[in-house]
């Protein structure tokens with residue numbers, strides 16, 4: 001378990017970036033996507049000066065060694081601890097390549113990362129935020145893999161977005177038990193591919209009969225599109241929820257243990273809703289940069305505020321890069 005210190009006289013801020021996903025050729029100072037990504041990250045850091053930067057997957061494209069190295073060098077240049085998890089595109093060339101990139105990351109001074117048990121993937125680890133010797137928040141980083149087989153009702157097989165495997169849920173139980181033993185009753189889980197319950201949260205919260213594709217971020221803040229009990233929700237859903245198509249049971253374990261109050265994912269670049277569902281905030285982190293596909297009005301990162309009582313606030317920080325787009 002990695003430990004980071006929180007000063008008693010100030011909040012501990014976590015900046016989550018997601019899906020930067022540039023290729024080797026885009027990591028060039030003259031490339032527009034390079035300018036968009038680096039300007040976005042630099043602006044986010046200058047606004048709030050976070051204590052920790054997390055990256056919820058798809059850091060680049062599998063095989064793009066230069067892109068991974070350049071991103072690591074760039075993040076390290078801020079002198080702030082940074083912690084990644086892998087996305088499906090990071091995992092596409094298999095575990096050996098992920099392991100090699102992880103080794104490279106670990107040569108960077110400010111990268112806080114543990115490979116963990118290889119039977120669970122790569123990068124299942126916990127960051128404990130401590131204040132005066134007491135753990136006030138556990139940040140649980142989990143590898144959500146790439147693709148997994150799925151048997152449809154008619155018996156045919158398909159290859160779908162992956163899920164957390166049962167052994168990871170056993171590991172998760174163990175980490176919660178260790179946090180509880182430290183007196184910490186609040187945790188946040190960060191992964192790339194959303195768990196199935198993101199679908200349930202959306203269905204419960206969003207009013208039927210409203211076209212979500214036409215909803216703006218400003219519209220989402222009025223409360224008019226949310227059902228009773230979910231009026232504090234915000235954000236948009238402009239594409240499908242790309243989870244494993246069957247419930248993997250992860251949310252049931254979270255509810256049983258009662259520790260995890262915030263769950264962050266990436267993967268779906270134009271979804272950024274935040275919904276409090278059964279006491280857990282389901283957060284789609286704000287897409288960072290133009291890599292792969294994006295909507296320029298949904299560009300930035302997502303902040304978490306950690307106090308002595310754990311995470312008390314989550315918000316999206318939008319970065320306007322229209323000036324770069326029109327260059």
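Exactly one residue out of 96, 29, 46 is free of Cβ contacts under 8 Å to residues at least 60 places away in the same chain, part of a loop (DSSP other than H, G, I, E, B) and either surrounded by fewer than 16 Cβ atoms within 10 Å (Cβ to Cβ) or in contact with a strand residue (DSSP E or B) (Cβ under 6 Å, 6 or more places away or on another chain) (or both), and it is 29. Pairs meeting the criteria (first residue in the stretch 240-269 and within 22 Å of residue 16 (Cβ to Cβ), second residue modelled with pLDDT under 95 and surrounded by fewer than 23 Cβ atoms within 10 Å (Cβ to Cβ), beta carbons under 6 Å, at least 6 apart or on different chains) are lacking. Within the stretch 246-257, being touching a helix residue (DSSP H, G or I) at 6+ places or on another chain (Cβ under 9 Å), part of a loop (DSSP other than H, G, I, E, B) and loosely packed, with under 15 Cβ neighbours inside 10 Å holds for no residue. When the criteria are applied in full, residue 218 meets the requirement of being closer than 22 Å to residue 281 by Cα and over 21 Å from the mean Cα position of the chain (by Cα).
The set of residues in the stretch 57-89 being assigned to a strand (DSSP E or B), more than 19 Å from residue 23 (Cβ to Cβ) and in contact (Cβ under 8 Å) with a residue 40 or more places away in the chain consists of 83, 85.
When 113, 125 are checked against the criterion of being touching a strand residue (DSSP E or B) at 6+ places or on another chain (Cβ under 7 Å) and more than 24 Å from residue 258 (Cα to Cα), a single residue qualifies: 113.
Taking the criterion of being under 21 Å from residue 270 (Cα atoms), at pLDDT 95 or above and in contact with a strand residue (DSSP E or B) (Cβ under 6 Å, 6 or more places away or on another chain), would at least one residue in the stretch 1-16 satisfy it? For the stretch 1-16, residues under 21 Å from residue 270 (Cα atoms), at pLDDT 95 or above and in contact with a strand residue (DSSP E or B) (Cβ under 6 Å, 6 or more places away or on another chain): present.
Cβ-Cβ contacts under 9 Å between residues 6 or more apart (or on different chains), taken from a first residue in the stretch 224-237 that is at positive phi and touching a residue at least 24 places away in the same chain (Cβ under 8 Å) to a second residue that is buried (at least 21 other Cβ atoms within 10 Å of the Cβ) and assigned to a loop (DSSP other than H, G, I, E, B), are listed as 235/272; 235/273; 235/286. Can residue 104 be described as in a helix (DSSP H, G or I) and over 24 Å from residue 303 (Cα atoms)? For residue 104, the condition - in a helix (DSSP H, G or I) and over 24 Å from residue 303 (Cα atoms) - is met. Looking at the stretch 128-239, the helices (runs of 4 or more DSSP H) lying wholly inside it that each contain 1 or more residues that are within 21 Å of residue 3 (Cβ to Cβ) and out of contact with any strand residue (DSSP E or B) (no Cβ under 6 Å at 6 or more places or on another chain) sit at 166-181.
The values are calculated or read from the model by the stated rules, or taken from the named source; none is laboratory data. This one's a predicted model, so the numbers in the text were calculated from it and none came from an experiment. Virtual Cβ from ideal backbone geometry, glycine too; neighbours counted across all protein chains shown.
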